[in-house]
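All remarks here apply to the structure that follows.
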Amino acid sequence: MAQHKITVLDGHALNPGDLSYSVLEEFGSVTVYERTKSEDVIERIGDSDIIFLNKVCITKEIISACHNLKYIGVLATGYNVIDTKAAKEAGLIVTNIPAYSTNAVAQHVFSFILHFTNRVAQHSADVKNGGWVKAQDFCYWLSPLTELEGKTLGIIGYGNIGSRVAHIAKAFGMNVVTANDSARAKADNVKAVGVLGLSQCDFISLHIPLTTENAHFFNAGIIEQICNKNTILINTARGGLIDEQAVADALKSGNLAGYAADVVESEPMSPDSPLLSAPNCVLTPHIAWAPKETRQRCLNIAVDNLRSYINGKAKNVVFSD
């Protein structure tokens, strides 16, 4: 097998130290950078013919400057950081990692839902502050607790993750509807009600990709039409799907009961994000995909993608039309 020169541009994202990029060494020499600034990308790629990355942007200018580059492996499902048109024109192969994080993201959705229904963190903090020691009764609760049985979950985007979320919801005895009429939803016996039909939902979970057409899809107008003082909105998809100011305003006014997100519009988060001061707002730093098992699966698929490419049978190839 010919020896390739492989460079990983932002290896820390997938592997902060608990995995190993040595699995790539069967294909050639491997250089791993934990992080790479935009101004250093061309120099670090150098004469590499194969690169891997997570969030480093690969522009037309970079592709033009790196004459030996043949293969770009994105260590994620989304590949919007790549100018795929320029890559295709240059004859490059671009691959991604589809469906590797389905279970982990669906699990994270329910960690958010259960945060609002069971209030575990709130009560644990109060117990540790002496609340139970001082209590007159054997139990107490600081805010209403809620059963999921019989509640309705609305799913926007019924793909791999949306479908998995629906299956978990049914295990809790929830009713599930979707905004999207699809063969998969019909197969799962999940009723499509359209976006406006989600107004009857207790929880709404977003599972659509971010495009120029649906940026800020969840805006003040949509909130006014389908949300109320009992609605909990969950976003593990992309931060740009919501108008953060509109969501913050709705939380403050009581037109939205709660918002939980693993993503924000600008990552890392901007210090002036309106979500930071919004009530009933739960935020995690884009970690739904991050369990070790999930990241190992991602790396395994990345290696398999590369092996298939080298063997002349490239798979998980992505290009723009």
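Here are some notes:
- Of the GluC sites (Glu not before Pro) found in the range 1-108, those in coil by DSSP whose Cβ has at most 16 other Cβ atoms within 10 Å are 34.
- Each of 108, 194, 122 was placed along the dipole of the range 106-216 (beta-carbon charges, centred on the mean Cα), and the one lying farthest toward the positive end is 108.
- Cα-based equivalent ellipsoid of the chain: semi-axis lengths in Å, sorted from largest, via gyration tensor: 40, 22, 19
- Cα-based Kirkwood hydrodynamic radius, the range 205-276, one decimal, Å: 12.1 Å
- Accessible carbon and sulfur surface of the range 1-153 relative to its total accessible area, %, 1.4 Å: 52 percent
- If the segment from residue 280 to residue 293 were pulled out straight at 0.36 nm per residue, it would be longer than the present Cα-Cα gap by 1.6 nm.
- When 110, 172 are compared by accessible area of protein heavy atoms, the largest-first order is 172, 110, using a 1.4 Å probe.
- Near the amide H of residue 155, within less than 5 Å, lie the amide hydrogens of 177, 178, 179, 205, all on another chain or at least 5 residues away, with H placed in the peptide plane.
- For the range 162-207 versus the range 254-308, the gap between their alpha-carbon centres in whole angstrom: 22 Å
- Helix 160-171 axis, angle to the chain major axis (alpha carbon atoms, nearest 10°): 30 degrees
- DSSP bridge analysis restricted to the chain gives an antiparallel fraction near 5%, rounded to the nearest 5.
- Here the alpha carbons of the range 262-304 define both size measures, Rg and Dmax, at 14.6, 45 Å.
- In the context of the full set of protein chains, residues of the range 175-266 present 44 Å² of accessible surface per residue (probe radius 1.4 Å, heavy atoms only).
- Whole-angstrom gap from the range 10-25 to the range 91-131, using each part's C-alpha centre: 23 Å
- Here residue 57 sits with roughly 80 square angstrom of accessible surface, probe radius 1.4 Å.
- Principal-axis tilt of helix 102-118 within the chain, Cα atoms, nearest 10 degrees: 20 degrees
- Carbon-plus-sulfur accessible fraction, the range 180-320 (probe radius 1.4 Å, protein heavy atoms only): 50%.
- Note: the range 1-155, Cα convex hull, 186 Å³ per residue.
- Net dipole in debye of the chain [+1 Lys, Arg Cβ; -1 Asp, Glu Cβ; about Cα centre; nearest 20]: 740 debye
- Residue-wise HN-Hα couplings along the range 133-138, as the Karplus relation 6.51 cos²θ - 1.76 cosθ + 1.60 with θ = phi - 60° gives them from phi, are 4, 8, 5, 7, 10, 5 Hz; Gly and Pro carry x.
- For the range 173-226, a simple Cβ point-charge model (Lys and Arg +1, Asp and Glu -1, everything else neutral) yields a dipole of about 180 debye relative to the Cα centre.
- Accessible area of residue 184 in the full protein assembly, 1.4 Å probe (Å², nearest 10): 100 Å²
- Residues in the range 174-179 carry Karplus couplings, in order, of 7, 8, 10, 10, 9, 6 Hz; the curve used is 6.51 cos²θ - 1.76 cosθ + 1.60 with θ = phi - 60°, and Gly or Pro positions show x.
- Couplings for the range 186-193, taken from phi via the Karplus curve 6.51 cos²θ - 1.76 cosθ + 1.60 with θ = phi - 60°, read 5, 5, 8, 6, 10, 6, 8, 10 Hz in order; Gly and Pro are left as x.
- Surface accessible to a 1.4 Å probe, per residue, for the residues of the range 1-146, Å²: 53 Å²
- Loop-located trypsin sites (Lys or Arg not before Pro) in the range 197-272 (DSSP state not H, G, I, E or B) with no more than 14 neighbouring Cβ atoms inside 10 Å: 229.
- Stretched out straight at 0.36 nm per residue, the stretch from residue 229 to residue 88 would grow longer than its current Cα-Cα span by 45.9 nm.
- Per residue, the convex hull spanned by the alpha carbons of the range 244-321 comes to 146 Å³.
- Burial ranking of peptide ranges 214-225, 263-274 (average Cβ count within 10 Å, highest at the top): 214-225, 263-274
- In this calculation the C-beta distance from residue 196 to residue 125 is compared with R0 = 41 Å, giving a FRET efficiency of 0.60.
The values are calculated or read from the model by the stated rules, or taken from the named source; none is laboratory data. Nothing here was measured: the structure is a model prediction, and the numbers come from that model. Here Cβ is always computed from backbone atoms with ideal geometry, including for glycine, and neighbour counts include all displayed protein chains. The protein model used for the area step is the full one, side chains on, heavy atoms only, and it has no ligands, DNA or RNA in it. Shrake-Rupley method; radii C 1.70, N 1.55, O 1.52, S 1.80 Å.
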